[in-house]
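Just below is one structure, and these are the notes that go with it.
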Amino acid sequence: MAQYKYTGYKRPKNTKKTLLHLLGYLGHHKWLFLLVGLLVCISTGANLMGTYLLKPVINRFIMPGDMSGLVRAVVRMGGMYLCGALATLGYNQLMIKSAQTVVQEIRRDLFVHVQKLPLKYFDAHTHGELMSRFTNDVDTVQEAMNNSFAMIIQNFLMLFGTVVMMMVLSVRLSLIVLVFLAVMFAFIRFNGSRSRKYFQRQQAELGRINGFVEEMMAGQKVEKVFNHEKKDFENFCALNESYRKEATSALTYTGMQVPTIVSLSYLNYAVSACVGGLYAIAGLLDIGSLASYLVYVRQSAMPLNQFTQQVNLLLTALAGAERIFDLMEAEPESDEGDVTLCNVREEKGALVETPERTGHFAWKVPEKGTEARLVSLKGDVRFENVVFGYVPEKRILNGISLYAKPGQKIAFVGSTGAGKTTIINLINRFYEIQSGTITYDGIDIRRIRKADLRHSLAMVIQETHLFTGTIADNIRYGRLDASDEEVREAARIANADSFIRRLPDGYDTMLHSDGSNLSQGQRQLLAIARAAVARPPVLILDEATSSIDTRTERLIEKGMDAIMDGRTVFVIAHRLSTVRNSRAIMVLEHGEIIERGDHEALLEQKGRYYQLYTGQFELE
Ligand SMILES: Nc1ncnc2c1ncn2[C@@H]1O[C@H](COP(=O)(O)OP(=O)(O)OP(=O)(O)O)[C@@H](O)[C@H]1O
Ligand SMILES: [Mg+2]
């Protein structure tokens, strides 16, 4: 089951580091955030002052009956509140703008980094896990940036300011409020810790439901084939029920907070009003002060409530941000190569680098002290005692040595899991070898810049993968500047042209979800066309024709032979008829080449190839 890692209300492991990293992003827009801070202060100050103005309004104008003064004072008060409202509106809008930009930057950096990760990373992490960085985690950060940041500052200032203003109005009365605030705070902490426990369980259950549904969607066909609907429905209901239970408990506690705080604040208000009234009667407090004081009392519970909620949200967001940054810090694919690919032309028998596109390439090998050496790109690949394992403990290839000269077609055969795909994964450095060397035109591939190395190889991988887009787009993926005619030509070589032209929209037919509207064999034809359009010096075909009928395969072979004349081809196939005409056939078993030679020689040897070819292997 895909493992989703949801962590609601979970604290980040290293709050300081994450916060600093996040602040780094905010730093790109520091003037905007300073402006937000300023507007927050204005908004809070105006609200606090507006309320304070009630005191002079009552004492100086209402009590003495000064009507015109009253009107002026009310206008002033209104102006103050209006100022506050405008500042609030302003910082909200600014926050939305800057938060969205920051989140966009985070998303962009995350995407760029994911593209740089080595395949090893994807082997060890599920897609669901990586996806949830882009969805859940980015969402929580976005949510917190939109609201929490400004709200936390605002609420803190508001709470602090309210208490100060109450002290200014009456120190004795504010003692009551302080006691109430302390009780409220204690309740929020206690309740929060209980609800957090359930909330975490709720998120874990949600993760399980998501993983289950995702798997069901992907495995729809298998579910139907084995009539598993009922069993799967029961499993789903069980998950659904545990989610309901945990969510109910979590919300029960969360739902208690606001009503309790509101009731406590009413009580606070009532007590303050009674005691304040008694003070006023006893002449210890004037009516104006009492009125503004009571408004402050009413206002005091809100910021406390919101402050704690926002702090929780912010911590959740920081936990999300931490997971995002962890992924961003995962070690990228190493690329220490300094050898690059360049266009060349021949001048008096020597190669000369040229900026024009000549279609003739060479490796540019920097040499210490002298000018870079140019080595014509031919496609000569050699393995020397290569040892490799996906994990260090388990060796998959034990000392493979082989060579492929330009223009040769080299085939790999062998039973499932023998290591055929693994060998070709090493040629374009999807993985790093443990010992031995692989050279390309005499240059150690570790010296070649990865992008250039991969540029010089075209590969049809074992699992065909098509992208959302038109058929032409998918073929052009092999070489972005290929003209329409070149795309068609590649399709003809791959023998895909005839089926494409029969589609209602021809080359403009849209493909969705990995080409689900095509047959398996048609998908493979497109993958072959994609490699053909690239016209590389080295072509690698991994089970490229396994779903294609033998007659079509022959036609493709002919077309390919024409374009691959003088280039190196590696073919992996289970169908031995595919590899018969190869220059050399390597028979692999348990990561070792146990036989090599051409078809005739191997048959004469009467070894494993002979057994595979005559079907004796299966019969024994
Ligand atoms: N990404 C991976 N991580 C760990 N082990 C792997 C990985 N890919 C393959 N292996 C292991 O490496 C061994 C060789 O696999 P490989 O894919 O090279 O076989 P193959 O010869 O191409 O088989 P097939 O004919 O089925 O395609 C297998 O035992 C497999 O379990
Ligand atoms: Mg394979």
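So here's what we get for this one:
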quantity: Among (1) at pLDDT 85 or above; (2) on the phi < 0 side of the Ramachandran plot, the one test that GLU356 misses; calculated: (1)
quantity: Pairs with Cβ under 8 Å, 6+ apart, first in the range 64-78 and open to solvent by 90 Å² or more (accessible area, probe 1.4 Å), second among the hydrophobic types (A, V, I, L, M, F, W, C); calculated: MET67/PHE61; ARG76/LEU53
quantity: Qualifying residue in the range 53-68 (condition: under 21 Å from the mean Cα position of the chain (by Cα) and either modelled with pLDDT under 90 or assigned by TED's automatic domain parsing to the domain that holds ALA144 (or both)); calculated: no
quantity: The range 404-424 residues that are closer than 18 Å to LEU602 by Cβ and within 15 Å of ligand 2 (Cβ to nearest atom), paired with ones that are open to solvent by 40 Å² or more (accessible area, probe 1.4 Å) and among the acidic types (Asp, Glu) (beta carbon under 9 Å, 6 or more apart); calculated: ALA418/GLU592
quantity: Matching strands (runs of 3 or more DSSP E) fully within the range 406-491 where at least 2 residues are more than 16 Å from ligand 1 (Cβ to nearest atom), crowded, with 19+ Cβ neighbours inside 10 Å and of a type outside the set (Val, Ile, Thr); calculated: 457-460
quantity: Wholly enclosed strands (runs of 3 or more DSSP E) of the range 513-613 bearing at least 1 residues away from ligand 1 (no atom under 16 Å from the Cβ) and without any contact (Cβ under 8 Å) to a residue 40 or more places away in the chain; calculated: 592-597
quantity: Qualifying residue in the range 548-559 (condition: surrounded by 20 or more Cβ atoms within 10 Å (Cβ to Cβ), farther than 30 Å from THR358 by Cα and within 16 Å of ligand 2 (Cβ to nearest atom)); calculated: no
quantity: Single unsatisfied condition, VAL387 versus (1) open to solvent by 50 Å² or more (accessible area, probe 1.4 Å); (2) within 25 Å of ALA124 (Cα to Cα); (3) of a type in the set (Val, Ile, Thr); (4) away from ligand 2 (no atom under 15 Å from the Cβ); calculated: (1)
quantity: Filter pass, GLY379 being among the small types (Gly, Ala, Ser), surrounded by 20 or more Cβ atoms within 10 Å (Cβ to Cβ), within 24 Å of ARG583 (Cβ to Cβ) and touching a residue at least 24 places away in the same chain (Cβ under 8 Å); calculated: yes
quantity: Test: ALA204 is more than 30 Å from ALA291 (Cα to Cα) and touching a helix residue (DSSP H, G or I) at 6+ places or on another chain (Cβ under 9 Å); calculated: yes
quantity: Helices (runs of 4 or more DSSP H) (entirely within the range 123-205) containing at least 1 residues that are open to solvent by 40 Å² or more (accessible area, probe 1.4 Å) and at pLDDT 85 or above; calculated: 138-146, 148-169
quantity: Where a residue in the range 386-397 is at pLDDT 90 or above and its partner, wherever it lies, is open to solvent by 100 Å² or more (accessible area, probe 1.4 Å) and away from ligand 2 (no atom under 16 Å from the Cβ), with Cβ under 8 Å and at least six apart; calculated: VAL387/ARG395; PHE388/ARG395; GLY389/ARG395; TYR390/LYS120
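Conditions (1) touching a helix residue (DSSP H, G or I) at 6+ places or on another chain (Cβ under 8 Å); (2) among the β-branched types (Val, Ile, Thr), marked per residue:
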position: VAL297; (1), (2): yes, yes
position: LEU304; (1), (2): yes, no
position: ASN312; (1), (2): yes, no
position: ALA330; (1), (2): yes, no
position: GLU336; (1), (2): yes, no
position: HIS360; (1), (2): no, no
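The values are calculated or read from the model by the stated rules, or taken from the named source; none is laboratory data. Please read all numbers here as calculations on a predicted model, not as lab measurements. Ideal geometry is used to build each Cβ from the backbone, glycine not excepted, and the neighbour counts take in all protein chains shown. All accessible areas refer to the heavy atoms of the entire protein, side chains included, with ligands and DNA or RNA removed. Shrake-Rupley method; radii C 1.70, N 1.55, O 1.52, S 1.80 Å.
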